[in-house]
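The values are calculated or read from the model by the stated rules, or taken from the named source; none is laboratory data. This is a predicted model, so every value here is computed, not measured. Cβ: placed from backbone, ideal geometry, glycine included. Neighbour counts: every protein chain shown.
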Amino acid sequence: MVKPILPLTMKGGVIKRRGKILLGPVDFTVSAQGFTIVMGPNGAGKTTLLRALHGLEKLAAGRVDWQVPVADTLQRQAFVFQTPIMLRRSVRDNLAYPLILHGMPKAQAHAMAADWAARVGLGAALDQQAPRLSGGEKQKLALARALMRNPDIVFLDEPCASLDGRATREIETILKTAQADGTRILMSTHDIGQAKRLASDIVFLMHGQIIETAQAQAFFNAPKTRQAAALLKGEIVE
Amino acid sequence: MGEIWQGLVAGLWLVVTMDADLVNITLRSLQVTLSAVVIASAIGLPFGAWLAIRRFRHRRTTIALLNALMGLPPVVVGLVVYLLLSRSGPFGVFGLLFTPTAMIIAQVIIITPLIASIAHQAVRDLWAEYHDLLLSFSTTKRQRIMTLLWDGRRALMTASLAGFGRAIGEVGAIMIVGGNIDNATRVLTTAIALETGKGDFALALGLGFVLIGLAIAVNIATHMIGRTESEGKW
Ligand SMILES: Nc1ncnc2c1ncn2[C@@H]1O[C@H](COP(=O)(O)OP(=O)(O)O)[C@@H](O)[C@H]1O
Ligand SMILES: [Mg+2]
């Protein structure tokens, strides 16, 4: 039995850039199960929090701990960026890249790439250059590339921010399937509707601080903070 | 006017009939310049890529220096190489002055900074684009460099082509260190300078056509590399 890597905890986590505090201090635990949505206005620190948990940001103070040494988590977590990063290669090679990187034989990686491309509706685009895909197709590719290694947890930073309704629906469907298959999901959005559709629980960020965490139902029915209440009423929160 | 017209026709005729002198000079030009491009690429491409990825203390200074070296007047490079290779110079014992090797050395010095600088920009842009993804995939340093070199291969080839374009048309440095010796170090540019001075416009123009043809070929190749980039054929 492989040892679980979750829960993931951040204790007193602080991220600074050029002396300015972008995030923290934050205490936060990502439990083993669920679909957590990180909410908050622009500049609240959502991206910074997700990146820090994934290990892309250097902590100025505090720590991030998994249940196993971090080296053992690297192949078991994945990140989907707000602006999808496409390798200047075909769709097939983009999907196969992380698999081949970690030792999978090329033929097997390509077969898996074809399988996942079909799953996210990119089956006909396998030989196309990834940088030339539409925004929605790029994000589906990025999502498939994150999920195909069957990670324990996926971080997603506003994956639907610049997508149309159809692409958004397709991505939400893929995410719900992944969650049903046991993948832990931590995703930021500032689309309240999307949060309502997907979240099992909510983390609400303002000015680099977590000011509220709650079960989704409770959060949407009776937010504890006035900022969250204002956001849910559609007011401008700053 | 008549003289120029006659020269053009005669020059074209030399090209069409593959005149022995013209072919000879062209081949020597290609030999010298291609050797210089291969050596300068072997140095400049990895160095440029390394500069783009590695963070070290004097990185900015090194990049500034590289850009300054790119602007070195070729004639001065020729002068310095001449002094180094001349009989009384530190490398005089090798007897390289007025040989194709001396010309290759001068061209390598002239185009390596250019190739390294273009490679640096290309890899730097690609690294900025890929950085977060490659970190997220927890790639090793070696894997990162291989990925950047592979995905940047077209831009790197463009860098070598730019080096070729600069070297093939260069005259000052190779004139000084090569000496423009018939059948030994005479190349397209130095021959044009000589024949023009002598008033033999036919050969000068014929050689000029070849040089222009090579320059156009380099441009076309660069353009085609740019096209395959977006089409992703290779
Ligand atoms: N590269 C950066 N340099 C300086 N400040 C930054 C940088 N990136 C983000 N910030 C600042 O950090 C804060 C949090 O940003 P971010 O995590 O991107 O917020 P969100 O994703 O919630 O919009 C903001 O105030 C933003 O202006
Ligand atoms: Mg953000």
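A few comments on the model shown:
- Contacts under 6 angstrom Cβ, first residue in the stretch A:43-58 being farther than 12 Å from A:His190 by Cα, partner aromatic (Phe, Trp, Tyr), 6 or more apart: A:Leu50/A:Phe155; A:His54/A:Phe79; A:His54/A:Phe155
- Restricting attention to the stretch A:59-86, the residues being free of Cβ contacts under 8 Å to residues at least 24 places away in the same chain and either within 11 Å of ligand 1 (Cβ to nearest atom) or of a type in the set (Lys, Arg) (or both) number 0.
- The stretch A:56-82, subset surrounded by fewer than 20 Cβ atoms within 10 Å (Cβ to Cβ) and more than 27 Å from A:Gly19 (Cβ to Cβ), residue nearest to the other protein chains (Cβ to nearest Cβ): A:Leu74
- The number of residues in the stretch A:187-213 that are within 15 Å of the chain's Cα centre (by Cα), polar (S, T, N, Q) and within 16 Å of ligand 1 (Cβ to nearest atom) comes to 3.
- Test: A:Val120 is touching a residue at least 24 places away in the same chain (Cβ under 8 Å), away from every other protein chain (no Cβ under 14 Å) and within 16 Å of ligand 1 (Cβ to nearest atom): no
- Within the stretch A:2-22, if we keep just the residues that are over 27 Å from A:Arg76 (Cβ atoms) and part of a strand (DSSP E or B), the residue that is nearest to ligand 1 (Cβ to nearest atom) turns out to be A:Arg17.
- Scope the stretch B:130-150; condition within 7 Å of chain A (Cβ to nearest Cβ) and either surrounded by fewer than 19 Cβ atoms within 10 Å (Cβ to Cβ) or of a type in the set (Ser, Thr, Tyr) (or both); matching residues: B:Tyr130, B:Asp132, B:Leu135, B:Ser136, B:Ser138, B:Thr139, B:Gln143
- One residue from B:Leu97, B:Leu114, B:Leu126 being in contact with a Ser or Thr (Cβ under 6 Å, 6 or more places away or on another chain) and either within 25 Å of B:Val37 (Cβ to Cβ) or away from chain A (no Cβ under 14 Å) (or both): B:Leu97
- A:Gln67 being closer than 20 Å to A:Ile5 by Cβ, at pLDDT 95 or above, within 22 Å of the chain's Cα centre (by Cα) and assigned to a loop (DSSP other than H, G, I, E, B): yes
- Any hit, the stretch A:44-55, residues being within 14 Å of another protein chain (Cβ to nearest Cβ), more than 14 Å from ligand 2 (Cβ to nearest atom) and assigned to a loop (DSSP other than H, G, I, E, B): yes
- In the stretch A:29-43, of all residues being outside any strand (DSSP E or B) and within 13 Å of ligand 1 (Cβ to nearest atom), the one that is surrounded by the most Cβ atoms within 10 Å (Cβ to Cβ) corresponds to A:Gly40.
- Odd one out for A:Lys11 among (1) surrounded by fewer than 22 Cβ atoms within 10 Å (Cβ to Cβ); (2) away from ligand 2 (no atom under 16 Å from the Cβ); (3) within 17 Å of the chain's Cα centre (by Cα): (3)
- Residue match in the stretch B:182-189 (condition: assigned to a helix (DSSP H, G or I) and away from every other protein chain (no Cβ under 14 Å)): yes
- A Cβ distance below 8 Å, combined with a sequence gap of six or more or placement on separate chains, defines the contacts here; from the stretch A:145-162, residues that are polar (S, T, N, Q) reach residues that are away from ligand 2 (no atom under 12 Å from the Cβ) in the pairs A:Asn150/A:Thr183; A:Ser162/A:Gly135.
- Look at (1) without any contact (Cβ under 8 Å) to a residue 40 or more places away in the chain; (2) not basic (Lys, Arg); (3) not in a helix (DSSP H, G or I) and you find that B:Leu72 fails only one, number (1).
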